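S.K.: Shown below is the structure under consideration.
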Amino acid sequence: MDHFLYQNGQLCAEDVPVAEIAAEVGTPFYLYSTATLTRHFRLFDEALNGLDHLVCYAMKAASNQAILKTLADLGAGMDVVSGGEYARAIAAGVPGDRIVFSGVGKTRDEMQAALAGGIRQFNVESEPEMQLLSSVATEMGKTAPITIRVNPDVDAKTHAKIATGKSENKFGIPISRARDVYAMAAALPGLHIIGIDVHIGSQITELEPYRQAYLKVAELTDVLRADGHDIRRLDLGGGLGIPYERSNEAPPLPTEYGALIKETLGHLGCEIEIEPGRLVAGNAGIMVTKVIYVKSGEDRDFLILDGAMNDLIRPAMYDAHHDIIPVAEPAAGIEQQPYDIVGPVCESGDTFAKKRMMPPLSAGDLVAFRSAGAYGAVMSSEYNTRPLIPEVLVHEHQFAVIRARPTFEDMIKRDTIPHWL
Ligand SMILES: *Cc1c(COP(=O)(O)O)cnc(C)c1O
């Protein structure tokens, strides 16, 4: 459920008509709902009731300061995957002891920053990373709390570009080598083993892959404890999918996911962490864009929008589907027609949908891409020297621009001409 609904013939974000925001901010733009962000965070938090737990929002999904602060104020931790994200989390007021650091390529500088500023744990992904973290922590006179990310070799049944839990993926260490790697970690100075980490992929739409992975984690917990390791925290990653195509998708609910965690791991007495990103932010955001032209092709009409692949790359990169709806509610029973919905960028990949059935639209009409809150703004670029589009946050009847659109001058000023020119 989200808070983008038609009221009196107009798409509204909570209590604000989207067209009003468009008139003030200009198109295209991202629009987020505080109530939806809050609701989704709470669904996860409540699904783990009864277990000692922390929901660490995977902020790579949407990392605007206002979004982070909204979630941090609800008690969320953050899962960060770079020094930049760590700095963003700290800037949004998230205490270090609620930040977990994931990622396969953590650098010395990133380790130093996190150790200096405070960190809940590093999710270590390889032996060389472990060795570097050991030496950085030792040099600083600190102890780094760690889990080791294990790769359980399960098929998350998702798009190949976002599957991470198969043995051919670059993530984590093979679960079959876990005992050796934990023994190696225990012998290194400056590291303190506190648990196990696993994350099998993103946009996962069934529970079975999670069940397989978590049963393996439960077994590994027993084995590592028998080896003398103090396994007291399990970081179970993120990845729960959302219904991008609402008419025919129904992924598992956070409550069902929480029940599975309790069933497979609840008996271990461990503190549980989860790292949802997409399910917190995805349906909490839409991208609003305007039809520039309706162009008649030989066998179809094209809707040419002012939003493009640089603003929302998911269709081009993952063949992703987004529901696209008119901002003015179409009359009931109106006949739909097929459109190819495209942006203005000079690439054929700049196509959002082919032969999409839509009510008739004209130049100047606004349309909204649903489920664009996660991996939308954060993956945008300025390709074709198109400014990064603004982000707007709604809260009940209020809205605020939370990232302004740069001017062309702002963009050009970032370049510098070398002295020989
Ligand atoms: C991307 C990522 C997540 C979040 O995945 P979602 O599909 O957005 O829930 C969580 N943990 C790690 C380590 C990740 O890389």
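The values are calculated or read from the model by the stated rules, or taken from the named source; none is laboratory data. For clarity, every value in this text was computed on a predicted model and none was experimentally measured. Glycine also receives a Cβ, built like all others from the backbone with ideal geometry; neighbour counts cover every protein chain displayed.
S.K.: Within segment 116-142, can you find the residues that are in contact with a strand residue (DSSP E or B) (Cβ under 6 Å, 6 or more places away or on another chain) and either in a helix (DSSP H, G or I) or not hydrophobic (A, V, I, L, M, F, W, C) (or both)?
M.R.: Answer for segment 116-142, where residues must be in contact with a strand residue (DSSP E or B) (Cβ under 6 Å, 6 or more places away or on another chain) and either in a helix (DSSP H, G or I) or not hydrophobic (A, V, I, L, M, F, W, C) (or both): ARG120, GLN121, ASN123, GLU125, MET130, LEU133, SER134, ALA137.
S.K.: Follow-up question, since we're still on this one. Look through segment 68-104, keep the residues that are polar (S, T, N, Q) and within 16 Å of the ligand (Cβ to nearest atom), and return whichever of them is surrounded by the fewest Cβ atoms within 10 Å (Cβ to Cβ).
M.R.: Selected residue: SER82.
S.K.: Under the condition of being of a type in the set (A, V, I, L, M, F, W, C) and within 11 Å of VAL55 (Cβ to Cβ), which residue from segment 261-278 is surrounded by the fewest Cβ atoms within 10 Å (Cβ to Cβ)?
M.R.: Per the stated criteria, the residue is ILE272.
S.K.: Is there a residue being in the same structural domain as ALA183 (by TED's automatic domain parsing) and in a strand (DSSP E or B) anywhere in segment 238-256?
M.R.: Yes.
S.K.: Please give the number of the condition ARG177 fails out of (1) in contact (Cβ under 8 Å) with a residue 12 or more places away in the chain; (2) of a type in the set (Lys, Arg); (3) part of a helix (DSSP H, G or I).
M.R.: Only one criterion in (1) in contact (Cβ under 8 Å) with a residue 12 or more places away in the chain; (2) of a type in the set (Lys, Arg); (3) part of a helix (DSSP H, G or I) is unmet by ARG177, namely (1).
S.K.: Just to check your reading of the model, which residue among VAL198, VAL150, VAL154, VAL136 is surrounded by 15 or more Cβ atoms within 10 Å (Cβ to Cβ), farther than 29 Å from ALA259 by Cβ and assigned by TED's automatic domain parsing to the domain that holds LYS60?
M.R.: Every option except VAL136 fails the conditions.
S.K.: Would you mind finding the one in ILE274, ILE325 that is under 27 Å from VAL198 (Cα atoms) and not polar (S, T, N, Q)?
M.R.: Step by step, each of ILE274, ILE325 is checked, and only ILE274 is under 27 Å from VAL198 (Cα atoms) and not polar (S, T, N, Q).
S.K.: For GLN65, which of the numbered conditions (1) in contact with a Gly (Cβ under 8 Å, 6 or more places away or on another chain); (2) surrounded by fewer than 20 Cβ atoms within 10 Å (Cβ to Cβ); (3) not β-branched (Val, Ile, Thr) fails to hold?
M.R.: Condition not satisfied by GLN65: (1).
S.K.: LEU265 - would you say it is within 16 Å of the ligand (Cβ to nearest atom) and outside the structural domain of ALA22 (by TED's automatic domain parsing)?
M.R.: No: the conditions fail for LEU265.
S.K.: OK, next. Are any residues in segment 280-306 under 28 Å from LEU68 (Cβ atoms) and either touching a His at 6+ places or on another chain (Cβ under 6 Å) or of a type in the set (S, T, N, Q) (or both), and if so, which ones?
M.R.: Matches in segment 280-306: VAL280, ASN283, THR289.
S.K.: Have a look at GLY364, GLY373, GLY349 and point out the one that is at pLDDT below 95 and part of a loop (DSSP other than H, G, I, E, B).
M.R.: Result: GLY349 is the single residue among GLY364, GLY373, GLY349 that is at pLDDT below 95 and part of a loop (DSSP other than H, G, I, E, B).
S.K.: While we're looking at this one, here's another question. Does segment 271-296 hold any residues that are part of a strand (DSSP E or B) and within 28 Å of ILE231 (Cα to Cα), and which are they?
M.R.: Residues satisfying the conditions are GLU271, ILE272, GLU273, ILE274.
S.K.: Consider GLU275 carefully, then state whether it is under 26 Å from SER381 (Cα atoms) and touching a Cys at 6+ places or on another chain (Cβ under 7 Å).
M.R.: yes
S.K.: Based on this model, can you work out whether GLY285 counts as of a type outside the set (Asp, Glu), within 25 Å of ARG211 (Cα to Cα) and crowded, with 20+ Cβ neighbours inside 10 Å?
M.R.: no
S.K.: Can I ask one more? Kindly indicate which of LYS161, LYS157 is in contact with a helix residue (DSSP H, G or I) (Cβ under 7 Å, 6 or more places away or on another chain), in a loop (DSSP other than H, G, I, E, B) and farther than 18 Å from ARG233 by Cα.
M.R.: On inspection, the qualifying residue turns out to be LYS157.
S.K.: Kindly indicate the residue of segment 220-255 that is of a type in the set (Asp, Glu) and farther than 27 Å from PHE369 by Cβ and also nearest to the ligand (Cβ to nearest atom) among those meeting that condition.
M.R.: Taking the candidates together, the pick is ASP235.
S.K.: Kindly indicate whether SER202 is touching a residue at least 12 places away in the same chain (Cβ under 8 Å), within 11 Å of the ligand (Cβ to nearest atom) and of a type in the set (Gly, Ala, Ser).
M.R.: It is true that SER202 is touching a residue at least 12 places away in the same chain (Cβ under 8 Å), within 11 Å of the ligand (Cβ to nearest atom) and of a type in the set (Gly, Ala, Ser).
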